[in-house]
Amino acid sequence: MTGTTTGHKGLRVLAVANQKGGVGKTTTAINLGTALAAIGERVMVIDCDPQGNASTGLGIDEAARTITTFDILTLAASLQQAAIATAVPGLYVVPANSDLVGLESEILHEDNRNFRLRDAVNAMIANQSGQPPHERFTYVLIDCPPSLNALTLNAMVAAHSVLVPVQCEFFALEGISQLRSTIEGVRSTLNPTLEIHGVVLTMHDARTNLSEEVAAEVRRFFGTKVYDSMIPRNIRIAEAPSHGQPILFYDHKCSGSQAYIELATEIIARERQIAAA
């Protein structure tokens with residue numbers, strides 16, 4: 001089974017991926033989703049990490065996660081059934097928990113195991129086509145785990161493009177070539193339209209030479225794929241998840257909030273370029 005990826009001019013699916021941990025994937029998914037919702041988009045964040053950090057960071061208690069991404073990927077529920085409204089108007093999350101740890105063994109011998117999430121997104125597209133425009137999701141952001149496993153594969157098969165957070169620290173490019181080859185592999189075998197949407201520099205500290213050197217190195221490696229917006233190293237960004245809030249709610253005036261609003265604006269501009277191409 002190969003099939004085509006999700007395709008609908010009213011819905012864009014972005015996987016937030018990097019197999020390196022601690023680079024800001026979840027923080028980016030949460031806060032980009034919030035920023036997109038703040039400028040009028042209707043956004044669904046799909047938590048594909050067994051740690052469930054995106055769910056926690058959006059204020060979803062463990063007890064409230066009655067239907068999860070595990071249920072989606074084992075065909076027990078639909079995305080609409082799983083989606084929970086967050087405190088952010090227009091932002092919903094499909095939560096995750098440790099059940100996802102057992103997913104690989106659960107679907108190991110299934111022929112369509114890499115297409116489960118794509119099929120769920122396509123089913124949602126079909127379902128919402130009859131709904132008023134203001135009730136339709138316009139963005140799906142998939143928060144991937146820090147590994148290249150069945151969960152990340154499902155995300156990349158479902159996605160139109162991949163957003164890659166890269167931290168401005170030593171060894172920033174470690175593993176990036178592997179991620180790039182994985183994206184190429186998915187494109188050649190499972191999802192022919194997959195592309196890198198862009199690279200976002202995270203944990204940037206303009207006061208240090210190291211951050212500036214790493215940013216320059218990443219820009220040399222990825223060229224124009226790197227967004228102009230950079231996410232600063234900011235204590236308020238680090239604090240926000242423990243309060244179950246995106247940074248735009250926790251402290252909308254801090255530099256981290258402003259950076260995510262700028263990133264969302266830049267992503268929307270790139271989306272318009274893609275649509276016009």
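Please treat every number below as a calculation from the coordinates, not as lab data. From a predicted model like this one, the values you see are computed outputs, not experimental measurements. Cβ sites come from the backbone with ideal geometry, for glycine too, and all protein chains shown count toward neighbours.
Its residues counted as N, segment 207-277 yields a C-alpha radius of gyration over 2.2 N^0.38 Å of 1.31. Evaluated with a Cβ-only charge set (Lys, Arg +1; Asp, Glu -1), the chain carries a dipole of roughly 660 debye about its Cα centre, given to the nearest 20.
Distances between placed amide hydrogens fall under 5 Å for Glu195 paired with Ser161, Val162, all partners being 5 or more residues away or on another chain. The count of lysine pairs in the chain with alpha-carbon distances below 24 Å, taking only pairs 8 or more places apart or on different chains, stands at 4.
Please report, largest first and rounded to whole Å, the three semi-axes of the ellipsoid equivalent to segment 94-182, where each semi-axis is the square root of five times an eigenvalue of the C-alpha gyration tensor.
27, 19, 12
Residue by residue, segment 135-146 carries 3J(HN,Hα) couplings of 9, 9, 6, 10, 9, 10, 10, 9, 8, 8, x, x Hz when phi is fed to the Karplus relation 6.51 cos²θ - 1.76 cosθ + 1.60 (θ = phi - 60°); x denotes Gly or Pro. Report, for the chain, the % of DSSP beta bridges that are antiparallel, rounded to 5. Taking every DSSP beta bridge with both residues in the chain, the antiparallel ones total about 10 percent. Each 10 Å bin from zero holds the following percent of Cα-Cα pairs in segment 36-145: 15, 48, 31, 6, 0. Backbone geometry of segment 179-193 corresponds, through the Karplus equation with coefficients 6.51, -1.76 and 1.60 at θ = phi - 60°, to 3J(HN,Hα) couplings of 4, 4, 5, 5, 4, 4, x, 5, 5, 7, 10, 10, 8, x, 9 Hz, x marking Gly and Pro.
Residues whose amide H comes within less than 5 Å of that of Val140, counting only those at least five positions distant or on another chain, are Arg12, Val13, Leu14, Met44 (H built at 1.01 Å from N in the peptide plane). Here semi-axes √(5λ) of the Cα gyration tensor in Å was calculated from the structure, and among (1) 37, 21, 18; (2) 27, 21, 19; (3) 32, 24, 17 it sits at label (2).
Each residue of segment 260-277 was assigned a 3J(HN,Hα) from its phi angle through the Karplus curve 6.51 cos²θ - 1.76 cosθ + 1.60 (θ = phi - 60°); the sequence is 6, 5, 5, 5, 4, 5, 5, 5, 4, 4, 5, 4, 5, 5, 5, 5, 7, 5 Hz, with glycine and proline shown as x.
Taking Cα pairs under 8 Å and at least six residues apart, what relative contact order does the chain come out at, in percent?
Details: 540 pairs, mean separation 71.9, N = 277.
In percent, rounded to a whole number, it is 26.
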